[in-house]
Structures are given as C-alpha cells and as structure tokens.
Amino acid sequence: MTATIFVFAYLAIALYIGIFAFRRSRGQAEDYFLAGRSIGPWVFVLSLFGTHMTAFAILGSSGHAFNFGIVTFGLMASSSALIVPLCLFFLGTRLWAVGKKFGHITPVQIFRDRWECGHIGTVIFFLQAALLVPYIIIGVMGGGTTLAVISGGAIPFWAGGLLVAVVVMSYVFFGGMRGTAWVNTFQTVLFLSFGLVAVLIISNGMGGFANVAERLLADPRTSPLLSREKFSPLAFLSYTFNPLSAIAFPHIAIFCMTAKHMRQFKKTVIFYPLCILLIWLPCVCLGAFANQATEVPAIAAKLAEKATTMRPVVADDVMLRLLAHYAPEWLAGLLGAGIMAAVMASDSQILALSTMFTEDVFAFYGAREKFGEKAQVATGRLFIVIVTAFAYFTALNAKASIFDLAVQFSFAGFSAMLPLYIAALFWKGSTKWGALAATLWTSCCTIALFFTPRGFTIAGLSPVVPMTIGAALLIWLVSIATPKPSQQTVDRYFSV
Amino acid sequence: MIFVLLVYYGLHQDFWNWTSARPLVFGFLPAGLAYHAAYTIGASALMALLVRRAWPAKLEAWADEEAD
C-alpha cells in the first residue's frame, strides 16, 4: 500500500508540472509544440535523454537480460553510447540549425522545403506516425505492468495502464513541449538517483552479486547468460544499426529543434553515454542475476516455464518483482516511482505525433489559414486524446514483450529512415523521388516484418541491416536518375 | 577523427570476450559486460574530443543570421 502511495504521489507531481507549464504558455503553435525554442542547457540534456529512455530501457532491457543474459548491454546500450551521440553531433545540430533558420518545427516540413514536395511529405508523415505508435504502446504497457506489480496485483494491468495513459495525456495536453520537457527532466533525475540504490538493495537481499554470479557460472544451464557464447557475432554486429533510429524518431528530431542555442548539444553528446551506463548497467545486471532469484515466487514460475519450454518468456516485470521482494515497502515505492518515471517517456512520442499531425497535415492543407493558430493547438490536443486512447486499447491486447515490440518495428523502421535525414541535410543531389522510394521500401519492409516470426534474420543479420542499406541505396540510385530541386533551394540549405 | 571513430566502432565487436565470463571484474561483473561498460565511458571521452576538435561553430552562426 505504501509503495502504491509513492507511485501515486509521483503521478500527481508529474501532472502538476504539466499544469504549471500550461500557465507559462502563450497559446501560439511554436510555443506549445517547441516551447518557443527556449529550452535551457541542463533541461535539454536530461530531457532529451529521458525522452529517448523509455520502458524499453528499464523493463524491456531487464526482461531481455533475464532471457539472454549480459549480451543485452552490448546489443543496445554500448552501441547506443557511441552511435546516438554521433547522430546528435552530426545530424541533431544540423536539424537545429535548419529548423531555426527556416522556422521548421517537424522533419517533414524540412523534407518538403528541401525537396520541394507536398504529398510525398504526407507519405513520410504517415510512415513516421505508424512506426511511432508501437513505441507509445510500450509506454502504456510499462505503466500497467509497473503499477500492477508495485501494488501487489491490487491495481490490475488494465487500470494501471489507463491511469498512466490519462496522466501522460493530461500533462502533454496542458503543458505541450514545455511541460513534457520539465516532466522528462524530473523523471530522469529521479531514476538516475534511485537506480544505484535499487541495485545495492537487491544485491544485498540476494546475498551479494559476487555469490549470485558464481552460482550462475556453476550451473551449465545458466552460465551462458554471463557470456555471449549463444549469440552470433553477426547478429551482434547487426544490432549496432538499431541506434541509428534515434535521430530519425520524430520526437527526438523535434526535440533537437527546441534548444535555445546549438552549443547545448555539447553537454548532451558528452554526457549521453554516461547516462546510458547509469541506466542500462543496473537493469541488465538485475535481469541476468534474477535467474538466481528462485525465492521470488513470480520469478521462480518464469524460470520453471523457461526450463520447460526451452524458450524465452515474457519477463518485463522481473526488476519490479525483485524490488517488491527485496526492498522495504517504502523504498520499493520510491524506486517504483523512479521506474515509473522512465516508463512514462511515451509523453514526448504522443506530443510529437500531435505536432506532426497539426503541422504536416492540418496546417499544410490550409486549415491553419482558415481556422487560425488557436484552432491548430486545439486540434493538436484533440489528436493527443485520440492517439492515447488508441495506444491504450492496443496495449491491452499486445502479446509481444516490450523489447521485441520496440526492436522489431520502431527501431528497424526508423533506422531505415535515417538515409532520408542524411540525404536531405548533407547531399545536394538528393531528390523527392529518391525520398519517396526509400519511404515506400521502408513501409513494405515494415509490413513484411509484421508477418515474420520472432528473431527472424536474413543471412544471419537482423532485418534492420538490409532495411537500412536498401533505403540508402534506393535514395541514392533514384535521386541520380530524377530531376533535382531548384538551385535556389539547394543554395539556401548549403550556404553554410 | 573519422578514422578514430571507425576504429572505436570496430572495438565494439570484442570477439575475445565472447565465450568466457571470467575474470569477474569487482567479483561480479562478467568480463564482456565490464568491457562494454568501459566502452560507454570511452565513448563519452571520445565525444568530448569530438566536441573539442570538430565542433561546427559556423553552423550556429549561419542559423543565427537573419531568418529566411
């Protein structure tokens, strides 16, 4: 009960921050969707990181490590530690500069202006929106799982997911980008503060991690969890393509345009790898070491199922189970609130979708001119309600684990969209037809992925590799063969 | 810098830690996990170097010029 009260208190604080941000708003579209491009340095670092680290990082990583061991860290964390800051350094700064100079708010606005296209931008919008929805669903699933475990089952998954969805929807609805950035900053500080405490408490409860590691190594069934002997080097290599998705995620690209000054990226790219270490290392350790937590009934049941079926099990809740079992109730509540903080990062995705819809569809097709800027913000808010409701009802029936859902659809799809950003921002010869070819390729591959079995590979590589390389080749080949945008447009973008 | 970045990317594929968990660093961190934890710290240092040596200062000035 105490634990649940802490989590509820956290939700109330998040809601209050959103409403406080609402009071600071000026009712204009750029103010609501981009916080008036006024986000300061530390809020930018912490919020950008909080925006990127979601239920996937906390619950998905520990669940994956429970099934596959320490390989999880190398698959997603250390590769992200190098590639995400590089993307921010090379592409994020360019997005910021182009957004500021030409007044763009969304990536599609940049593509339309850069390639002199209209409806092709709409096609890109639809693909981005379709790929982002699984990520929002992950947030709702994470919220439902967290509340269900923390409350000892008193709050069922459907009610927890609903509560989280309503709270997130409310502060995004009222606070817009300013509220979302402040809540994300608060969330990141909270989780970074309590993550280490969680590890120490659970380690102590399990008799020390050194003993746990030795016991895991002594058992031939669990010893492979502490190495990568069961994972192919080629598959491991192909996972380094997944972090390429970071900058292609619309919520990250849009967030890059909120910075007050470009120099704010300096702190971000330097501290980003360290933040990843602080979040992922405890989660992966706890996930792998949970294979020795046989005194936790829910985990023992998962281990039995794993041993019987010889297949991975849905284990997104292992870290929460460890916490609920080993930490005192008040501390479990505080730590649970910290986990909830990271899990609720779906706020920025919801806001990004709303921003994209109102800018790339509503405003582009003339509704802003007809109905005014206030109507645009109101439409954005209505869209937030619709998206959240859709994500909630889909999450109730989701069968896949958080990790699989993220990797299979969102990461692969957005990684394959990265060539669009590179071509638009760095290649004078790129054309709208090349962009369309790459977008259609990514769309077809994503639909095909929906019908492939879990863990599907092509010549030992994850689908993300051929998808990304295919998109890059298509944009290159088709651009060579098709007419370029006017010289005036090219000069505007490449006059730096 | 590009060469350094490519080498560092290659170091992510630490085949020498593939099959063995030992030595356990600090008594509990398997060698492969400790290596990748150190790799993330190294990535931070590399980013600091990149910011120092290759910061696109002209881009900010370009963006701050009168908007088109």
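Structural remarks
- Selection of segment B:1-13 for residues being facing chain A (nearest Cβ under 8 Å) and surrounded by fewer than 20 Cβ atoms within 10 Å (Cβ to Cβ) yields B:L5, B:Y8, B:Y9, B:Q13.
- Each residue in segment A:200-248 was checked for being surrounded by fewer than 20 Cβ atoms within 10 Å (Cβ to Cβ) and either farther than 30 Å from A:V464 by Cα or among the aromatic types (F, W, Y) (or both), and 16 pass.
Condition check ((1) out of contact with any strand residue (DSSP E or B) (no Cβ under 9 Å at 6 or more places or on another chain); (2) not in a helix (DSSP H, G or I)) across all residues:
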{"position": "A:T268", "(1), (2)": "no, no"}
{"position": "A:F271", "(1), (2)": "yes, no"}
{"position": "A:E295", "(1), (2)": "yes, yes"}
{"position": "A:A298", "(1), (2)": "yes, no"}
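- The residue that is nearest to B:E60 (Cα to Cα), counting only those in segment A:98-119 that are of a type in the set (G, A, S) and either at pLDDT 95 or above or assigned to a loop (DSSP other than H, G, I, E, B) (or both), is A:G103.
- For segment B:22-30, the condition holds for no residue, the condition being that it is surrounded by 13 or more Cβ atoms within 10 Å (Cβ to Cβ) and either basic (K, R) or out of contact with any helix residue (DSSP H, G or I) (no Cβ under 8 Å at 6 or more places or on another chain) (or both).
- Filter result for A:G176 (over 23 Å from the mean Cα position of the chain (by Cα) and not polar (S, T, N, Q)): no
- For A:S193, the requirement of being among the small types (G, A, S), surrounded by fewer than 19 Cβ atoms within 10 Å (Cβ to Cβ), part of a helix (DSSP H, G or I) and in contact with a helix residue (DSSP H, G or I) (Cβ under 8 Å, 6 or more places away or on another chain) is met.
- All conditions but one from (1) more than 7 Å from chain A (Cβ to nearest Cβ); (2) out of contact with any Gly (no Cβ under 7 Å at 6 or more places or on another chain); (3) more than 16 Å from A:L88 (Cβ to Cβ) apply to B:L46; the one that does not is (3).
- Segment B:53-68, residues that are assigned to a helix (DSSP H, G or I) and either over 16 Å from A:Q264 (Cβ atoms) or at pLDDT 95 or above (or both): B:R53, B:A54, B:K58, B:W62
- Residue match in segment A:361-381 (condition: crowded, with 24+ Cβ neighbours inside 10 Å, within 27 Å of A:W182 (Cα to Cα), small (G, A, S) and out of contact with any Cys (no Cβ under 8 Å at 6 or more places or on another chain)): yes
- In segment A:145-182, residue surrounded by the fewest Cβ atoms within 10 Å (Cβ to Cβ) [restricted to those that are within 12 Å of A:A14 (Cβ to Cβ) and among the small types (G, A, S)]: A:S170
- Single residue of segment B:21-43 satisfying the filter (in a helix (DSSP H, G or I) and more than 7 Å from chain A (Cβ to nearest Cβ)) that is farthest from A:P224 (Cα to Cα): B:G42
The values are calculated or read from the model by the stated rules, or taken from the named source; none is laboratory data. Owing to the predicted nature of the structure, the values given are computational and were not obtained by experimental measurement. Using ideal geometry, Cβ is built from the backbone for each residue, glycine included, and neighbour counts are taken over all protein chains shown.
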